[in-house]
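The values are calculated or read from the model by the stated rules, or taken from the named source; none is laboratory data. Fair warning: this is a prediction, and the values are worked out from it, not measured in the lab. Neighbour counts are summed over all protein chains in view; Cβ atoms, including those assigned to glycine, are modelled from backbone coordinates with ideal geometry. What goes into the accessible areas is simple: the full protein's heavy atoms, side chains included, and nothing from ligands, DNA or RNA. Shrake-Rupley method; radii C 1.70, N 1.55, O 1.52, S 1.80 Å.
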Amino acid sequence: MTEVSRRAALRLAMAGGLGALATPALAQDWAPPGPVRLINPFAPGGSPDILARVMAPHMQGFLGQPMVVENRPGAGAAIGTRSVARAAADGTTVLLAPISSVIAPFMMRDPGYELGEFKALTWLATTPFILVVRAGRWADVREFDRHLKANPGRLSGATGGSGTPHQLAAELYRGASGGDFTLVSYRGTAPALTDLRAGTVDFMFADMPAALGQIRQGGLQALAVCTPSRVPALPDVPTMAETVAPGFEANSWVMWWVPAATPDPVARRLTAAALHGLAQPDVRARAAEVGFLLHGTDMAGAEAHKRAETEKWGSLIRARGLRFEEG
């Protein structure tokens, strides 16, 4: 897949006139011509939503315009993502880009957008993934890993749906462990975790904001985190990499993307607004409460992360022949 296809090039050409009006001074002086819509391609309550809603009051003060979180769920994040690709490149529409926005073009025949149609502004945060099981079933991740390998095809893992990062984390573990198991797709993380507690399925790679409360309450057991190093919210839980799968890393994240034709001065001002919001004490406190790992990169760092994740997950999806399944 090319970085910008004929369809993407046409959209860029149609929006290109705005770029000619940009000047260096605009980076500091630019203000949105109207309210800024933060498009969340998932239903309310998920990681992008939590972060955006606590940041919004600070960012709207910074920019001088309201910041409105608009949920457009469906089709593995493709519906909300493509709506931003087609939006005016004037700084008033921003995508709360999750990892699913990278996944969809590889798993769907035509998600309605290509990754080259976006400019990355900042990598806001990582949502750590945790390998969770019903409390008390296994002593630790090494025992779980041995049991899975000794019983090929006997265990089942839950995912929050087709094309979700939960699914890809499990597929990455399948390759790293050499084990065999069945994946069961649910309509969201909440019902998957409910069945996991009930023993209907055996394990799940779950995002920390969704699972942390149940871990603290004792219904679920965290066997390992999927970050390169241990996380502050669960300091005693080892990483997959240090225990059973060297080099293993599989997490979700939240970025800000805008249409690729957005002038750089406008993009830089939006990035500054996001970083201002991320730096506020109440935002950082809320992030720590639910287990986010905050980054707040500049535009170059965001583009580098977008490219790296595109290559990593695109390669896995192609190798496994994974396809998005509706319903």
- Here are several values of semi-axes √(5λ) of the Cα gyration tensor in Å: (1) 36, 22, 16; (2) 29, 24, 20; (3) 42, 20, 18. Which one was derived from the coordinates shown? (1)
- Could you give the dipole magnitude of the chain about its Cα centre, charging the beta-carbon of Lys and Arg +1 and that of Asp and Glu -1, in debye to the nearest 20? 400
- Taking only Cα atoms, what is the 0 to 90° angle, nearest 10, from helix 165-177's long axis to the longest principal axis of the chain? 50
- Taking a straight Cα-to-Cα line shorter than 19 Å from Lys306, and setting aside same-chain aspartates and glutamates fewer than 8 residues away, one finds Glu3, Glu114, Glu117, Glu249, Asp264, Asp298
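On a 1.4 Å probe surface of the protein chains, which of Ile79, Ile99, Ile50 comes out largest in accessible area, and what is the full order?
Ile79, Ile50, Ile99
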- Task: Springs between alpha-carbon atoms under 10 Å, Gaussian network over the chain: tell me which of Thr164, Thr127, Thr243 tops the mean-square fluctuations.
- Result: Thr243
- Note on the structure: Most fluctuating of Thr200, Thr93, Thr189 in the GNM of the chain (C-alpha, under 10 Å) is Thr200
- For the pair Glu311 and Ser156, the simple spin-label estimate (label points 7 Å beyond Cα toward Cβ) gives in nm 3.8
- State the percentage of accessible surface on the chain attributable to carbon and sulfur atoms; use a 1.4 Å probe and exclude ligands, DNA and RNA. 53
- The relative contact order of region 129-242, taking Cα pairs under 8 Å that sit 6 or more residues apart, comes to a percentage of 37
- Which whole-number percent gives the relative contact order of region 190-247, counting Cα pairs below 8 Å spaced six or more residues apart? 20
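When DSSP assigns beta bridges and you keep just the ones with both residues in region 129-242, what percent turn out antiparallel, to the nearest 5?
55
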- Item | the chain - percent relative contact order, Cα under 8 Å, separation 6 or more | 28
- Query: Mind checking the angle between helix 208-217 and the chain's longest principal axis? C-alpha axes, 0 to 90 degrees, to the nearest 10.
  - Reply: 40
- Task: For the chain, find the longest principal axis of its Cα atoms and tell me its angle to the long axis of helix 47-63, 0 to 90°, nearest 10.
- Result: 20
- Task: With a 1.4 Å probe and all protein chains in place, put Lys119, Lys312, Lys306 in order of accessible area, largest first.
- Result: Lys312, Lys119, Lys306
- Kindly report, to the nearest 10 Å², the accessible surface of Met208 as traced by a 1.4 Å probe over protein heavy atoms only. 0
- Report the one residue of Thr189, His166, Gly136 whose Cα lies farthest in the direction of the positive end of the charge dipole of region 129-242 (charges on C-beta: Lys and Arg +1, Asp and Glu -1; origin at the Cα centre). Gly136
- For the chain, with every protein chain kept in place, what is the accessible area per residue (1.4 Å probe, Å²)? 40
- 222 nm [θ] for the chain, helices only, -39500 (n - 2.57) per DSSP H run of 4+, per residue, to 500? -13000 deg cm²/dmol
